[in-house]
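Written below as structure tokens is the structure these notes are about.
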Amino acid sequence: MAGLSVKQEPMDIDRPGPSNNSEVIETRILELCTEFPKGVPDKVLQNDMPLLDAKERVNAINRLLAKGKIDLFKQGTELVYRQKAATVLKGGENEEKIVYQLISEAGNKGIWIRDIRLKSNLALTHVNKVLKALEGRKLIKAVKSVSASKKKVYMLQDTVPDRSLTGGAWYSEQDFEAEFVAVLMQQCYRYLQEKAVAAKKVQGGPLAIRNASFVSSAAVCTFISELGISKVALSLDDIETILNTLIFDGKVEKSIAVSGESGAGTDTKLFRAVESPLTAPGLVRMPCGICPISKNCSDIGAVTPKKCQYLKDWLNP
Ligand code: SF4
């Protein structure tokens, strides 16, 4: 036997063969679970480790299940393996883990109770019970959508809900903050008016005065944030929405400044207050032309010109 040596083959960690130890197989399964957060089908495991004996694969999966590192689910007709929902749920019931995982995957858009029920195959009463338990433990929260106040979606406790759910800065507890929007419109317009007045001192003729009266939306945004009238941080998009509303009201106009050679740079949106030489004639301002309920309006019934508040406001400004 003297002088004989056994050649050491490097271990193929990515694709463990039958000679690889159980730890390597378990690590690879966990890696695949991370790569496929929605679950690794058994077929993927087989393809990833073609040399691995089926018995060894099953043993490795059983060990991971026993250690509580993965969960086993049935998707259609096939089995999928998924990394444990979260350590915070250690010791929790299996239903809780399934529901928590679904909510976690839904991200900041949340998931509706009906979808939880369909995806988890749990009865509605069970889902309700689990949701209550998770809410009680402050692991998840229910968020109402501004588009459908009766529709609640669930997301993880620390998740900031998407704007499509909250309505952004203009909504508070599903209510449109009309007063807040009106104040913002007023302040944005006032700022643009001040700039327009200051621009009148500029030498160089009407075109120079006009150009000097334009202000970037970023400058308006800075002005509004320095005023401190908003409890929530307003983004540039929020301010541009307000400025666009002023454009529709005919109080502001917009221009785009393109920087860089041959217009290859970034666009800057500029706004200026406009002075209308004439006020709109009364008939043009009549509310019926833009009335959202005009098709319900008639001589009889709940909506009539006699009872109409829009008309009253127009006739008695
Ligand atoms: S009368 Fe009032 S409710 Fe009727 S169409 Fe005009 S604005 Fe609308």
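The values are calculated or read from the model by the stated rules, or taken from the named source; none is laboratory data. Just so it is clear, the structure is predicted and the values come from calculations on it, not from any experiment. In this analysis, Cβ positions are derived from the backbone assuming ideal geometry, glycine residues included, and neighbour counts consider all displayed protein chains. Side chains included, ligands, DNA and RNA excluded: accessible areas come from the protein's heavy atoms. Shrake-Rupley method; radii C 1.70, N 1.55, O 1.52, S 1.80 Å.
So here's what we get for this one:
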{"read-out": "Candidate set from the stretch 296-313 (those that are within 15 Å of MET286 (Cα to Cα) and more than 8 Å from the ligand (Cβ to nearest atom)); member that is farthest from the chain's Cα centre (by Cα)", "value": "LYS306"}
{"read-out": "Complete set of residues in the stretch 146-172 that are among the acidic types (Asp, Glu) and either in the same structural domain as ALA233 (by TED's automatic domain parsing) or open to solvent by less than 60 Å² (accessible area, probe 1.4 Å) (or both)", "value": "ASP162"}
{"read-out": "Unmet requirement for ALA233, which otherwise passes all of (1) part of a helix (DSSP H, G or I); (2) more than 21 Å from ASP267 (Cβ to Cβ)", "value": "(1)"}
{"read-out": "Candidates LYS231, LYS200 - the one that is open to solvent by 60 Å² or more (accessible area, probe 1.4 Å) and either over 30 Å from the mean Cα position of the chain (by Cα) or assigned by TED's automatic domain parsing to the domain that holds LYS144 (or both)", "value": "LYS200"}
{"read-out": "Positions within the stretch 279-295 being more than 7 Å from the ligand (Cβ to nearest atom), at pLDDT 80 or above and surrounded by 12 or more Cβ atoms within 10 Å (Cβ to Cβ), in sequence order", "value": "MET286"}
